[in-house]
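Each remark here refers to the structure printed beneath this line.
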Amino acid sequence: MTEPLIYELSVSGRCGVSLPEVDVPQTDLPAGMIRGDLPLPEVGEVDLMRHYTRLSQMNHGVDIGFYPLGSCTMKYNPKVNEETARLPGFVRTHPYQHHCTVQGNLELMYGLQEQLKALSGFDAVSLQPAAGAHGEFAGILIMRAYHESKGDEKRVKILIPDSGHGTNPASATMSGYQMVELRSDTRGNVDLSDLRAHCDETVVGLMLTNPNTLGLFEEHLQEICDLVHACGGLMYGDGANFNALMGIAKPAELGFDVMHFNLHKTFSTPHGGGGPGSGPVGVVESLARFLPGPIVEREEARTCECEAEGMSAFCYHLVMPEASIGRMKSFYGNFSVMIKAYTYIRMLGAAGLREASEMAVLNANYLQTKLKGVYPLPYDRICMHEFVLEGRLPAAPEVHALDISKRLMDYGYHPPTNYFPLIVPEALMIEPTETESRQTLDSFIEAMLAIAREAVESPELLHEAPRSTPITRVDEVRAARQLKLRRET
Ligand SMILES: *Cc1c(COP(=O)(O)O)cnc(C)c1O
């Protein structure tokens, strides 16, 4: 049954809301604010409700099905996060309130800073940046401030491995630096000879994702950090893949100087459709004074200027680090995301977070092991929380990674990440996350194996996929070049 479009239900004069009688004097809108007759559908409340509910069901989401989008960590977001984020004490505060009246909010932010420090080993954390890429930008500005503070102005290069995420070169370039790409070796690590060739007194720093976007732990991490530090550069950690490390390894102890966290990935806050996110940055002691601010500090209640009933032994206030690069975001940053991430951390506790990382790694290795005999696995090593297959089968040369991904939608799964990282041809990057059950993983394996058979026996099924979704295969090139945002009438 095809549902009627809301425009087809429209009847002139029908209205979906009832407003109370006007009891104030009426005036006309200023002329510039009147846009004439907008062709909006006129429908009753029930039809409007059905329209939006129907639309909401056309989307795939992690609450509907498996979502193995590599690097993005689409884990299940526990609903208790939403409950705490909705507590009246949080939602009914205003960013302009005096800090003495929002001690609870500040206590939560302080607690989150402390938890991120404990998990990462860094000495200081700022919660300001609003996303991972924003955290990268902040991190590079911190590196610049550090070099400038030493009068070292000849540094212009940021080194980035060819497996790096697209935001890395973007952040480097936005900061006015030159980006230099480093090759990967045959095991998927940074090629040390290439690093040696580029490591000199013009290096600002190296941006490294560990585990990298192939899902592989960098085997020469110690040597890389030593080389970069020896030429006066800093080690930037892209922490998007922290989901593999929680409670197991601390980036500061591994040799990183500054790193961003993606609260929306690792710490389970919903992040489909571009936001909202939060990308705190952590730094070692020597960089703490450059952090973006304000950050939250704690003092003993007896020296505190705030007096409030029921206050704990401490009080909290906002401070700007002494040589801060400044603000990255208005007010406190994305506070509601912080509440959700804080809740997630407190619900799991230290042991639970470690277990989450262990399960994420176990699940990824389970899938990798079951699929690698059928789909080529270019870097055949034990993986961390994700892995990258080639979506190209020797027996089905006409089938591409994109076709496999589209066909997965017919089986009810969100496709993996396609064509990234760039160093794997026809890349299919799969991250199952720790929240999926054995049954779900097994069904996904079944689907992937069935698709591999279809690719050989009836490739048209893949080329025409998806057939079962509200929108079938679109011409992506034409859609990008001749974008049509209006409905044909
Ligand atoms: C997601 C991601 C980023 C960017 O983070 P956003 O929060 O999307 O801005 C950077 N690096 C890697 C490896 C990522 O997966």
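Mind checking Rg over Rh on the stretch 415-480, alpha carbons, Kirkwood formula for Rh?
That ratio is 1.00, to two decimals.
Taking chymotrypsin sites (Phe, Trp or Tyr not before Pro) as candidate sites, keep only those in a DSSP loop with at most 14 other Cβ atoms within 10 Å, then name the longest stretch of the chain containing none of them.
97-330
For each cysteine in the chain, check whether another cysteine's C-beta sits under 4.7 Å from its C-beta; list those where none does.
Lone cysteines by the Cβ rule: Cys15, Cys72, Cys225, Cys383.
Given R₀ = 51 Å, FRET efficiency for Phe331-Ser458 by Cβ-Cβ distance, to 0.05?
Using R0 = 51 Å, I get an efficiency of 0.35.
On each of the three principal axes of the Cα atoms of the stretch 79-346, give max minus min coordinate, whole Å, ordered largest first.
Rounded to whole Å, the extents work out to 62, 42, 30 Å.
Based only on other Cβ atoms within 10 Å, what is the fewest-to-most ordering of Thr53, Thr435, Thr101?
Going from least to most buried by this count: Thr53, Thr101, Thr435.
For the stretch 24-140, compute Rg over Rh where Rg is the Cα radius of gyration and Rh is the Kirkwood radius from the inverse mean 1/r over Cα pairs.
1.10
Return an integer: the convex hull volume of the alpha-carbon atoms of the stretch 111-182, in Å³ per residue.
In the stretch 111-182, the Cα hull volume divided by residue count equals 112 Å³.
When the C-alpha atoms of the stretch 227-287 are aligned to their principal axes, what extent does each axis show, in angstrom, from largest down?
41, 23, 19
Per residue, how big is the convex hull around the C-alpha atoms of the stretch 350-480? Give it to me in cubic angstrom, could you?
Dividing the Cα hull volume of the stretch 350-480 by its residues yields 129 Å³.
Work out Dmax and Rg for the stretch 78-227 from the C-alpha atoms and quote the Rg first, both in angstrom.
19.4, 57
For the stretch 83-118, which GluC sites (Glu not before Pro) are in a loop by DSSP, counting at most 14 other Cβ atoms within 10 Å?
Hits after loop and neighbour filter: nothing returned.
In nm², what is the average projected area of the convex hull enclosing the Cα atoms of the stretch 254-368?
Hull-based average projected area comes out at 10.7 nm².
Once you have the Kirkwood Rh of the stretch 332-404 from its Cα pairs, apply Stokes-Einstein at 4 °C and 1.567 mPa s and quote D in µm²/s.
Calculated translational D: 86 µm²/s.
Starting from the Cα of Asp185, step 7 Å along the direction of its Cβ; do the same at Glu45; then give the gap between the two resulting points in nm.
In this crude label model, Asp185 to Glu45 measures out at 6.8 nm.
Taking 0.36 nm per residue of separation and subtracting the Cα-Cα distance, what length does fully extending Val319 through Val24 add?
101.6 nm
Quick one: of the DSSP bridges fully inside the chain, what percent are antiparallel, nearest 5?
55 percent
How big is the Rg/Rh ratio for the chain, C-alpha atoms only, Rh by Kirkwood, two decimals?
1.02
Note the full-extension length gain between Ala350 and Asp200 as 0.36 nm times their separation in residues minus their Cα-Cα distance, in nm to one decimal.
Value of the extension gain: 50.0 nm.
Can you compute the helix-only [θ] at 222 nm over the chain? Use -39500 (n - 2.57) per DSSP H run of at least 4 residues, normalise by all residues, nearest 500 deg cm²/dmol.
The per-residue figure over the chain is -10500 deg cm²/dmol.
We did not get these values from a lab; they are worked out from the coordinates using the rules stated. Here the structure is a predicted model, which is why all the values come from computation and not from measurement. Methodologically, a virtual Cβ is constructed for each residue, glycine included, from the backbone with ideal geometry; neighbour enumeration extends over all protein chains shown.
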